[in-house]
Each structure stands twice: as structure tokens, then as C-alpha cells.
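Peer 1: My questions all concern the structure below.
Here, each number is a calculation from the coordinates, and none is a lab measurement. Not measured: the values here are computed from a predicted model. Neighbour counts are summed over all protein chains in view; Cβ atoms, including those assigned to glycine, are modelled from backbone coordinates with ideal geometry.
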Amino acid sequence: MPAATPLRPVTAPAAPPVTAAASLSIDPLDYALKAAAVKRVGRSRKRVLFLVHAAEIFSALEPLVVELQSRADRFELVFAAIPRNYSGRIGECSGAEATRDFLAARGLSPILLQGRGVGDLIRLVQMAPDFIFRQTPWEHHIPPLFHARMLQFAALCYVPYGMGTIEKPQHQYNQPFHNQCDFVFAESQYHLERYAQHRAMGTLGVVLTGYPRFEHFAHRLDSEQHAWPLAVPDDMPRLIWAPHHTVERSWLNYSTFIDHHQRLLAEAQRGRLSILFRPHPALAEKLQASGLMSADDYAAYLAAFEATGTSGVDRCSDYIAQFGASDMMVTDGLGFFSEYLLTGKPLVRTFKPGAEAMNHFGNWCAEAAHVVQDGAELQAVLDAVGEHRYEDAQLAARLERRDVLLAMCQGASARIADALQAG
């Protein structure tokens, strides 16, 4: 019998050396998505990510932030500053650094995301948020990386930045953003019904909570001392002039800035009124994009306003103190029709012929304003205020609406937090 062949050990082929430059054959985004799902399993607190591009309207979310911070055992908050372009056409998105500084000043430790490549998307996914809040439904104002369809790895949420006043239901309730949201927090029963009527997804995920921004406003108006930002005599009337950004007839057509800017500057230079010019944050970009006023001309206009000494330009993101210290507002819309009602003070609407129709809620708010149709009527109001003979015929209507709005907003932040906690 032949001798048995001895057994030899089997050796595996040598593995290639691992170097710092070695690459793995994986899809980084796919890997991040799968890893994020694993990270969320068993987590004791729900992670809420706020994508912030507009400091000017952060007050719509701030009461909710405070409420969630009070439930630190349930929620972990993350803030990301992202860029924006309000015109949607001219130039690149920018401004993220200023928004980061705004959030940092509030002690919120933000991160900066420019949205320039898939790397930023992977960073978002790696955070593994349970919920993502975005400030507005306007996709064309922010980089595509932050559009709703790119954020479906978490529950997308929306608190309206203003109470809907315009009869544009497809834009207010039925954009792709609205339909891709997992939670939409409705401001009132009226707005809830509008979602039911116009949103393709109906009221799926829509929760009636009330409006947290007004909850915040009302508390601060009642509890704080408010100083006018300009040093003027005590008996000088203090007026906020707040023109909207919709200077183009193709979209809403509410802004009366071009119609009245020279009149208001002349009044400021006259020195009998202290006028605080508070333009909509998008006005400058819209004037330039429409060709109605160049950037240099607009800057010269601001400089002329500030050179008066008793009037000036309001560049603050927060404006509740200015509301509280003012005597009157002159505006063409839109959010301030309801917001300024909370002060109970006189509200003057500069009407623009051909403006888009308002919805029932918008008309209800605007009916409490003194409406002026043209420059002559506006000048008559300015003269009456400057001469201390203005007759306030809308006081009862304003106070009645203020009480309704206050009742509508109480407890809104807590109801949103409860919905997130349950979800």
C-alpha cells in the first residue's frame, strides 16, 4: 500500500496592503443613508434639524425652538445656516455666513452648509435627523440640495412663516414642498380647510396647532419695555414704513415702494415725523432684478433716509421692539396686515391697483386698516399724524381682531412639540 500523502496547510492569498490612499468600492450617499437608519434605532431623543436661510423670519420658529429646548430629555436640536437668493434669478445663493452669525448670537451653535455638492448632502444624512424643518416653500430661493425631494431621509416639517392672506392656493398649499412634507402645522381652522381643499395630499400630515410666531410676539409685546431706535423728542410721532417686495406686476403686485418712496423721504427730511423705513428683506434684490432701481440708487436712497437724523433704516432681523415703540405703521402688505394688529395701534394700507386678490383671512385683517388709494390720500394721513390730529376710526375693528388672533395662537408651540413627540 502506498504511503499516505502528507497534508499541507492551505494558505490564503496575501491581502493587498492598506494605504491611506486606498479607496473602497461603495456609494458614499447610499452608505450614509443606511448608516443613518441604523443610528436612529434605539435613540432616546428625537433629533430635530432646522435649515435656516432667512434670519428675518426665524421668529416663526423661535417659539417652537424654546419649547423643544424645554423638553431636552425628548429632543436634540441641530441648526444649519444655508444660503439664499430671493430674486431666484440674479447671482448665486449667498448670505449663509450672516445667518450663521445670527444663530450663533442666539447661542444655537449652528453649522454652515453651502449646498454646493453631494458632500453637504452626505453631511445632512449623517446627522440622522428624525425631523427637518425648512422655513419656506419657495424652492427657487435656496440651493437644489435643500429642496424637498432631497430631504426625504427624514420627516419634513413646515411651520408657515406668515399667515396666508393671498388667494393663491396652488402656491400657498399645493407646491411640491407642501405635498412632500410629513407634517404641516396649520395656523387656523380656515387654513386647515384650505389645505383640505387645495393640497394634492389633502390634510394628510396637516395638524391644526395655531401660529407660534404670534404666541411669541404677544408675549414680548406685553412683557418687555420697547425703545424707539432713533433719538427723537418724546412728542414726535413714530411711524414704521414697511413696503413689500412684490414690485413686479407678474407676481402679486402689492409693493407701493416705487409709488411712494420719494414722498416718504421728503416727509422724513421735513422732520415732523420719525419714520423707520423697514423694507421687506427681498425688496432690494427685486428692485435690481426688475430694473426699477439699481443697487447704487437704492443705497443712495437709504443713505438719504439715514442722513435726516430723526428718521432711519431698520436693518434688524428682530422687529418686535420697533412695533412696541411705534405709534403707527404704513404698509402695503402682506404679513404685517396681521402681525401689526397685535399691537392694537393704527395701521395704514397703501393700496395698489391691480394687486392680487386676498383671501377671506387677508380681507378680514385688512378691513381693520385705514386704506389710502393714492399719494394724495397718503399725504393727508401724514399731515394729520404730523399735526397730531389723526382720527382713529378703525380702533374697535383692530382690537376685535387682535383678541381673535391672540386666542388663535395660545399654546401653538406646545401642540407642535406634542405632535413631534408622538410622531
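Peer 1: Could you name every one of the strands (runs of 3 or more DSSP E) located completely within segment 51-170 that has at least 1 residues being farther than 23 Å from ARG220 by Cβ, charged (D, E, K, R) and in contact with a Leu (Cβ under 6 Å, 6 or more places away or on another chain)?
Peer 2: 131-134
Every residue, every condition in (1) within 24 Å of VAL371 (Cβ to Cβ); (2) among the aliphatic types (A, V, I, L, M); (3) surrounded by fewer than 19 Cβ atoms within 10 Å (Cβ to Cβ), yes or no:
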site: LEU287; (1), (2), (3): no, yes, no
site: ALA295; (1), (2), (3): no, yes, yes
site: THR310; (1), (2), (3): no, no, yes
site: SER338; (1), (2), (3): yes, no, no
site: LEU347; (1), (2), (3): yes, yes, no
site: LYS352; (1), (2), (3): yes, no, no
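Peer 1: Let me ask something else about it. Tally time: how many residues in segment 71-91 are farther than 18 Å from ALA414 by Cβ, surrounded by 15 or more Cβ atoms within 10 Å (Cβ to Cβ) and basic (Lys, Arg)?
Peer 2: Here the count works out to 1.
Peer 1: Which one is farthest from PHE50 (Cα to Cα) among residues in segment 74-107 that are under 17 Å from the mean Cα position of the chain (by Cα) and of a type in the set (A, V, I, L, M)?
Peer 2: So, considering only residues that are under 17 Å from the mean Cα position of the chain (by Cα) and of a type in the set (A, V, I, L, M), the one farthest from PHE50 (Cα to Cα) is ALA98.
Peer 1: State all residues of segment 186-200 that are of a type in the set (Asp, Glu) and either under 18 Å from PRO176 (Cα atoms) or in a helix (DSSP H, G or I) (or both); if no residue qualifies, say none.
Peer 2: Result: GLU193, single match.
Peer 1: Let me ask you something else. Could you check, for segment 362-372, whether at least one of its residues is in contact with a Phe, Trp or Tyr (Cβ under 9 Å, 6 or more places away or on another chain) and either more than 30 Å from SER250 (Cβ to Cβ) or among the acidic types (Asp, Glu) (or both)?
Peer 2: Taking every residue of segment 362-372 in turn, none turns out to be in contact with a Phe, Trp or Tyr (Cβ under 9 Å, 6 or more places away or on another chain) and either more than 30 Å from SER250 (Cβ to Cβ) or among the acidic types (Asp, Glu) (or both).
Peer 1: So, one more: Sort out which residues of segment 157-187 are farther than 24 Å from TYR254 by Cα, over 16 Å from the mean Cα position of the chain (by Cα) and either surrounded by fewer than 22 Cβ atoms within 10 Å (Cβ to Cβ) or without any contact (Cβ under 8 Å) to a residue 24 or more places away in the chain (or both), and write them in order of number.
Peer 2: Matches in segment 157-187: PRO176, ASN179, GLN180, ASP182, PHE183.
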